[in-house]
1. With the requirement that a residue be in a loop (DSSP other than H, G, I, E, B) and either among the charged types (D, E, K, R) or under 16 Å from L66 (Cβ atoms) (or both), what does the range 141-184 give you?
2. Where the second residue is assigned to a helix (DSSP H, G or I) and among the small types (G, A, S) and the first is farther than 11 Å from P127 by Cβ and touching a residue at least 40 places away in the same chain (Cβ under 8 Å) and lies in the range 73-100, which pairs have Cβ atoms under 9 Å and are six or more apart or on separate chains?
3. Residues that are at pLDDT below 85 and within 20 Å of T114 (Cα to Cα): find the helices (runs of 4 or more DSSP H) completely inside the range 1-103 holding 2 or more of those.
4. Which one of these does V227 not meet: (1) at pLDDT 55 or above; (2) buried (at least 23 other Cβ atoms within 10 Å of the Cβ); (3) at negative phi?
5. Can you tell me which condition K117 does not meet? The list is (1) of a type in the set (K, R); (2) crowded, with 18+ Cβ neighbours inside 10 Å; (3) part of a helix (DSSP H, G or I), and all the others hold.
Amino acid sequence: MSIALPTSTFDSHRHRLTGLRGVLCSLALGLIATVAAAQPALAASQIADGGEFFSPATRTEALDRLKALEAKTGHEVQIETFTTLPEPWKGQLAAGKPKQQIYVDFTKDRGQLTHAKGLFVVIVKDPAHLEVAADRRLRDAGFSPSQRDEVAKTLLSGFRAKDYDAALLAAVGTMEKEFATVAKPGAQVAKSGAQRAAVPHQSGAVPAHRANPAAENGLRGWGAVIVIGGLIFAV
């Protein structure tokens, strides 16, 4: 014996299932959006001038050029300045810990905290110090210690002359020049003999741009030892 159910019964069930699927899809999309919002934003070229070295107009011009450089090459540049060395590093300095190691640790910490990628510049007003670091991806793209040092020396020259705006724009110009020779992220690059040697630059009154040999051998990102160029300038 068979009983024919009204067609409206099946239509009603289909509508309910369709509605349920719609609700589930909405919940899933909402969950994905929530998880994505909780993740840290990917690093992009930026200038955080907490040390107030640069005029707003110069900062805007420099950032526009850095963003254009990132769009062209795929490599970011982050610049952070500070009025003073924060704790606990300031206390470590007062306790006599080697200054260069303190600034290396500080730069690594800032790089991790800000999710920095590419070229990372840290400038402290008091005590006056400049660090320039390149992450592994940028180094693997062919960016050498000597190129990093060129950026550091350009900044140092302007800072010693107390012409901070000119120093920033000149440094951006140096970055534009040096980044023109590096590959985009992920491209295979054959390292030259000069890059493999990675001999740090030495100068008389100014501390050497201290490149760490371990970092040159491929330790990763900011979590391990990064390539550092440390300089002291007078403000």
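1. First, pick out the residues of the range 141-184 that are in a loop (DSSP other than H, G, I, E, B): 141-144, 161-163, 180-184.
Of everything in the range 141-184, those that are in a loop (DSSP other than H, G, I, E, B) and either among the charged types (D, E, K, R) or under 16 Å from L66 (Cβ atoms) (or both) turn out to be F143, K162, D163, A180, V182, K184.
2. Q78/G111; I79/A62; I79/A171
3. Details: elements: 7-38, 56-73, 89-94.
Ranges flagged: 7-38.
4. (1)
5. For K117, the failing item is (3).
The values are calculated or read from the model by the stated rules, or taken from the named source; none is laboratory data. Since this is a predicted model, take the numbers as computed values, not measurements. When we count neighbours, we look across all protein chains shown, and the Cβ atoms used for this are built from the backbone with ideal geometry, even at glycine.
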